[in-house]
Amino acid sequence: MDVFVSGLGILAQWQVLVALLIGSVGGVIIGALPGVGAAVAIAILLPATFSFEPIVGLTLLLGIYGSSMYGGAIPAILINTPGTAVNALTTYDGYPMTKRGQAHRALSLAYSASFFGGVFSILCLIILSPLLAMVAPHFGSREIFLAAFMGILLVVLAHRGQTFAAAMLACLGIFLNTVGLEPVKYTRRFTFDQSWLTSGVDLIVVVLGLFAISQALLLLVDKDTAPPKAHVDGNLTTGLKELLGLKRIATVSSSIGVLMGMIPGVGEFTSQFLSYTYAQKSSKTPEQFGKGSPEGLVASEAANNAVPGAAMIPLLALGIPGEALTAMMLSVFYVHNVIPGPQLFTNQMDFVMALYMALILLNVIVLVFLLFSTNLLLKIIQIPTRFLGLMILMLSFVGVYSLRNSATDCMLAAGFGVFGLILKRLNLPVVPIILGMVLGGIMEVKLRSAMARVKSPMDFVDRPIAAILALMILLIIVMHIRTLINEHKNRIRPEPTGDDSTTQQG
């Protein structure tokens with residue numbers, strides 16, 4: 001009870017409440033703007049949060065992270081254009097409902113399912129994080145190395161059809177982290193006698209370049225457009241009642257979202273498709289899916305909004321991010337010398353409790369805001385894309401320069417921006433680079449620490465948790481190889497022709 005009261009006291013600070021309100025409402029607006037997304041906004045705001053108290057900075061970023069998918073459903077339902085990439089499946093059933101004159105019903109269901117998924121995942125976070133933190137003290141250097149390696153492996157394998165490219169980009173991220181002074185003996189690596197490389201390649205510079213500047217350049221070079229005008233008539237609170245009739249779909253989809261959110265590199269896309277497939281197969285009217293099925297809409301929105309809370313579980317308990325946005329948040333922890341892991345739950349449980357309450361309050365604020373301000377929001381987002389790109393570009397360079405007052409950082413960010421634009425044009429993933437930089441640093445420090453006590457390869461897995469993690473890594477690799485072999489066999493297998501079948505029958 002004392003921890004709860006202490007956490008409530010931290011949350012009740014006016015700076016935290018203002019950050020929560022700005023993050024929640026701002027995240028909805030950003031999510032509703034096609035072509036922007038939470039990653040761009042968080043990348044731009046990240047340098048500014050370093051000067052805030054850790055709870056203020058994290059609340060602001062979590063507000064944007066958790067609320068952007070609410071906003072992304074609005075253009076997906078009304079104009080068949082997802083505000084964020086993870087709202088793509090929402091268009092399948094949301095837009096057909098709009099064409100039938102049921103826009104208010106579709107939006108209300110999307111808001112209600114998003115709220116259910118968000119709160120469900122936070123409850124799972126509250127339950128599972130302390131349990132994982134109880135196991136975490138048994139994680140030594142080799143266990144953390146293996147967990148981080150498994151995270152990178154899962155991120156790479158999650159990009160089906162682009163596994164090799166994702167692996168190369170993850171290796172690029174690991175390499176970028178090695179530039180500068182190495183963390184043990186402080187010798188220079190890959191600096192080529194260039195003094196500006198001595199301090200290394202800053203993660204935030206790379207994040208701003210790959211996410212924000214590349215997206216700004218993409219908006220500037222593409223055709224200038226603006227979301228078409230739209231208006232919603234009807235009561236948006238009806239979805240809360242209708243969701244009660246679809247509680248099985250909402251609960252299962254949210255559970256899938258939580259499970260997928262906890263696994264590094266999987267996230268919203270996989271959880272959406274799995275929950276949507278489950279909803280369709282278990283539905284009494286599967287033929288309605290893709291034509292305006294309320295079940296499909298609920299499955300999609302509940303699943304993707306359950307991921308943010310679940311993604312915080314390995315971050316808080318182990319200090320291992322599962323995707324780019326939680327990797328950015330990890331940097332906020334480190335800047336303020338707040339180290340996620342078991343010690344966070346032992347020494348700063350009031351801080352953790354304040355985060356839990358902030359996440360729940362965030363969902364309440366967003367739901368209330370959307371139920372009563374959707375039409376106002378539709379007017380706010382009428383921004384031409386090139387003007388939006390120009391604003392993102394300007395704010396990105398301001399953020400980069402504010403880090404170290406360095407023009408070199410600005411040039412480096414611009415270079416990564418162009419590289420990010422090329423990757424997006426080639427439809428190649430950007431996330432492996434960021435996770436390579438973050439997890440690569442963890443892997444290097446823990447591997448060098450573990451090797452001092454390892455005499456043979458078997459010594460590396462002579463403890464139960466290390467052995468389990470090593471077996472999981474081997475199992476993941478074997479399953480992936482088996483999948484590739486099966487896909488290859490299906491590709492080369494000749495299809496039976498009509499002549500062959502006729503000959504066999506004769």
Which of the peptides 145-154, 194-203, 121-130 is most tightly packed, and how do the rest follow, judged by the mean count of other Cβ atoms within 10 Å per residue?
-> 145-154, 121-130, 194-203
About its Cα centre, what dipole magnitude does the range 1-453 give when the only charges are +1 on Lys and Arg Cβ and -1 on Asp and Glu Cβ, stated in debye to the nearest 20?
-> 680 debye
FRET efficiency (residue 291, residue 223; Cβ distance; R0 45 Å; to 0.05) is 0.90
Cβ-Cβ FRET estimate between residue 282 and residue 242, R0 fixed at 22 Å, reported to 0.05 = 0.75
Hey, could you pull the Cα Rg and Dmax for the range 73-185, both in Å?
-> 21.2, 67
Which of the trypsin sites (Lys or Arg not before Pro) across the range 69-122 are loop residues per DSSP, with 15 or fewer other Cβ within 10 Å?
-> 100
Can you tell me which of 367-375, 310-318 comes out highest on packing, and rank the rest after it, using the mean Cβ neighbours within 10 Å?
-> 310-318, 367-375
Using helices alone, what [θ] at 222 nm do you get for the chain, with -39,500 (n - 2.57) per DSSP H run of 4 or more residues, divided over all residues and rounded to the nearest 500?
-> -24000 deg cm²/dmol
What whole-number value in Å² describes the accessible area per residue of the range 1-453 for a 1.4 Å probe?
-> 40 Å²
Can you give the three extents of the C-alpha atoms in the range 432-472 along their principal axes, from longest to shortest, in whole Å?
-> 31, 24, 13
At q = 0.12 Å⁻¹, work out log10 I(q)/I(0) for the range 1-107 with the Debye formula, treating every Cα as an identical point scatterer and leaving solvent out; two decimals please.
-> -0.49
Residue 485 versus residue 2, label points 7 Å from Cα toward the beta carbon: distance in nm?
-> 5.9 nm
In whole Å, what is the distance between the alpha-carbon centres of the range 1-62 and the range 318-355?
-> 14 Å
Those residues of the range 301-339 whose amide nitrogen sits under 12 Å from the label point placed on residue 347, 7 Å along Cα→Cβ = 337-339
Projecting the Cα atoms of 435, 263, 488 onto the charge dipole of the chain, where Lys and Arg contribute +1 and Asp and Glu -1 at Cβ, the residue farthest towards the positive end is 488
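Could you give the length gained on full extension between residue 181 and residue 195, defined as 0.36 nm per residue of separation minus the Cα-Cα distance, in nm?
In short, 3.9 nm is gained.
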Hey, can you rank 20-29, 475-484 by average C-beta count inside 10 Å, highest first?
-> 20-29, 475-484
Subtracting the Cα-Cα distance of residue 387 and residue 492 from 0.36 nm times their residue separation yields 32.8 nm
Give the Cα extents of the chain along the principal axes, in whole Å, largest first.
-> 79, 67, 53
Excluding residue 398 itself, calculate the net charge of residues whose Cβ lies under 14 Å from the Cβ of residue 398, where each Lys or Arg counts +1 and each Asp or Glu counts -1.
-> 0
Cα lying deepest toward the dipole's positive end in the range 1-453, options 77, 383, 148, charges on Cβ | 77
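The values are calculated or read from the model by the stated rules, or taken from the named source; none is laboratory data. As the structure is a computational prediction, the values presented were derived from the model and not from experiment. Every residue, glycine as well, gets a Cβ built from its backbone with ideal geometry; the counts of neighbours run over all protein chains shown. Just the protein is used for accessible areas: all its heavy atoms, side chains included, with ligands, DNA and RNA removed. Shrake-Rupley method; radii C 1.70, N 1.55, O 1.52, S 1.80 Å.
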